[in-house]
């Protein structure tokens, strides 16, 4: 499968976003439990907004899985937020097929979608430990090294802002 570099290049923007997704904004976990970013307060979160029919989104799943597995800790996690409409079973199949280890939530039609309904996917929102948006990426990561560089940049921004203390 041939994917253009334009579709695979993430554009990062840090320090310009000052949005906080409120604790009351919820999504559904695949087990139908109601979840919120507040459940992960205190962590740096890479919230990946994706859809199952997005080639670049599916391409980066193994990269995000490796990033999560190699860097998951008390202060970092990846969360996948599927914005697919009525495709829970399809999302579950992809989670199983790609053996996704990070949490995957369903966002379409949930209150979190008021803050995460984007015109293009994938989009990664970098949520700081205090719940404020620290930056965002538009596009997919093309390698683990690319994702790790973004994580390093995000940690530096958080540290510089004093938020990680």
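The values are calculated or read from the model by the stated rules, or taken from the named source; none is laboratory data. On a predicted model such as this, the values are computed, not experimentally measured, just so you know. Here the Cβ is made from the backbone with ideal geometry for all residues, glycine too, and neighbour counts use every protein chain on show.
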**Study point:** Selection status of residue 100, within 14 Å of residue 49 (Cα to Cα) and either modelled with pLDDT of 90 or more or out of contact with any strand residue (DSSP E or B) (no Cβ under 6 Å at 6 or more places or on another chain) (or both)
**Key:** no
Within the stretch 115-159, the residues that are part of a loop (DSSP other than H, G, I, E, B), more than 13 Å from residue 81 (Cα to Cα) and in contact (Cβ under 8 Å) with a residue 24 or more places away in the chain are 128, 129, 130, 131, 139, 140, 141, 142, 143
Residue 68 passes all but one of the listed conditions (1) over 19 Å from residue 152 (Cα atoms); (2) modelled with pLDDT of 95 or more; (3) surrounded by 12 or more Cβ atoms within 10 Å (Cβ to Cβ); (4) out of contact with any helix residue (DSSP H, G or I) (no Cβ under 9 Å at 6 or more places or on another chain); the exception is number (1)
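So that you can scan it fast, the table gives a plain yes or no per residue for (1) surrounded by fewer than 18 Cβ atoms within 10 Å (Cβ to Cβ); (2) more than 15 Å from residue 54 (Cα to Cα); (3) out of contact with any strand residue (DSSP E or B) (no Cβ under 8 Å at 6 or more places or on another chain):
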| site | (1), (2), (3) |
| --- | --- |
| 111 | yes, yes, no |
| 114 | yes, yes, yes |
| 128 | no, yes, no |
| 136 | no, yes, no |
| 147 | no, yes, yes |
Check: Regarding residue 123, is this residue farther than 22 Å from residue 21 by Cα and touching a strand residue (DSSP E or B) at 6+ places or on another chain (Cβ under 8 Å)?
Finding: no
Q | Some residue of the stretch 6-27 being at pLDDT 95 or above and either within 19 Å of residue 121 (Cα to Cα) or touching a helix residue (DSSP H, G or I) at 6+ places or on another chain (Cβ under 8 Å) (or both) | A | yes
I'd like to check something: does the stretch 102-110 contain any residue that is over 14 Å from residue 27 (Cβ atoms), in a strand (DSSP E or B) and in contact (Cβ under 8 Å) with a residue 40 or more places away in the chain? no
Considering residues that are over 19 Å from residue 31 (Cβ atoms) and surrounded by fewer than 18 Cβ atoms within 10 Å (Cβ to Cβ), the number found within the stretch 72-101 is 5
